Amino acid sequence: FLWRPRPPSLLPPEKEEEIARNLKKYSKKYEAEDQDVSLLLSEQDREKRRLLQEEWDGWVKEWKERHEEEKVYRQELRDGEASDEEEEYEAKEVEVEEILDVTEEVVSFGDEQE
């Protein structure tokens, strides 16, 4: 950055010296302001996350209530089987054979003559 031309300072040299002497005071002041802003933003983030969590919990509660209301209907669809619990199921393997094409062919043996 040394090669870059710099415009002349708009501050008089006395003001530049004063700023250099009081730099620690200014830095503490601005660090405190930055920290206040950071805390405010973090509080806003926490509030936003809390609201999102509440919204999600509401959706889950609504889904569980609907799931419980439809339990009887699901049981009727499954011929009275209660299949809500994943651990309480029995796997049934059903094999289905389907004939796609039948071709009949007459094969003659060497002894037979027509």
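Every read-out reported here was derived from the displayed coordinates using simple, explicitly stated rules and does not represent laboratory data. Here the structure is a predicted model, which means the values were calculated and not measured.
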**Prompt:** Leaving out same-chain residues fewer than 8 places away, which lysines sit with a Cα under 16 Å from that of LYS15?
**Reply:** LYS24, LYS25
**Request:** Give me the angle, in degrees from 0 to 90, between the Cα long axis of helix 23-69 and the longest principal axis of the Cα atoms of the chain, rounded to the nearest 10.
**Result:** 20
**Asked** Taking 1 over the mean of 1/r across every pair of different Cα atoms in the chain, what Kirkwood radius in Å do you get?
**Response** 25.2
**Calculated P(r) of the range 13-76 - Cα pairs past 21 Å, %** = 62
